[in-house]
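Everything on this sheet refers to the single structure shown next.
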Amino acid sequence: MDNSLRYSEILTQVLRRSASVQPRLQPISIRAVCDIESGQFLIIATGWEKNIWMNTILFHAQLANGKVVIEDDNFEEGLTEVLITAGIAPEDIVTGLAVEQRQLSLYS
């Protein structure tokens with residue numbers, strides 16, 4: 001069964017909530033960017049930090065054939081457990097590094 005639509009909704013909710021509760025110690029803007037059509041889900045941090053422009057991906061996941069592929073997770077405790085608690089099956093979560101070891105059919 002393809003859970004892509006349900007997983008898109010869960011990713012969007014979790015990322016928006018996670019982006020909104022981050023501490024603002026610096027004048028940095030933390031935003032969730034969720035594109036259901038392309039299957040790309042990010043949390044980005046942008047702004048000035050000590051006179052240096054910062055543009056960082058804090059979290060990046062994509063949907064591929066009903067799987068949630070976590071490409072980057074720079075949260076201290078990670079978002080994987082939050083995603084599982086929200087309803088994404090653990091067997092449907094893979095890391096970007098593991099994808100290289102999986103069959104290429106994951107992306108086809």
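Taking all protein chains together, Leu15, Leu58 sort by accessible area into Leu58, Leu15, largest first [probe 1.4 Å].
Ranking of Ile52, Ile28 by solvent-accessible surface, largest first: Ile52, Ile28 (1.4 Å probe, protein heavy atoms only, all chains present).
Between Thr46 and Ser4, the simple label model (points 7 Å from Cα in the Cβ direction) yields a spacing of 2.8 nm. Kindly provide the chymotrypsin sites (Phe, Trp or Tyr not before Pro) of the stretch 51-100 that DSSP labels as loop, not H, G, I, E or B, and whose Cβ sees at most 15 other Cβ atoms within 10 Å. Those satisfying the criteria are Phe75.
So if R0 is 35 Å, what FRET efficiency would Ser29 and Asn65 give, r being the distance between their Cβ atoms, rounded to the nearest 0.05?
On the way: r = 33 Å, r/R0 = 0.94.
It comes out at approximately 0.60.
The values are calculated or read from the model by the stated rules, or taken from the named source; none is laboratory data. Computed from a predicted model, the values in this text were never measured in an experiment. For neighbour counting, all protein chains shown are included, and Cβ atoms are generated from backbone atoms with ideal geometry for every residue, glycine included. Note: areas computed on protein heavy atoms with side chains; ligands, DNA, RNA excluded. Shrake-Rupley method; radii C 1.70, N 1.55, O 1.52, S 1.80 Å.
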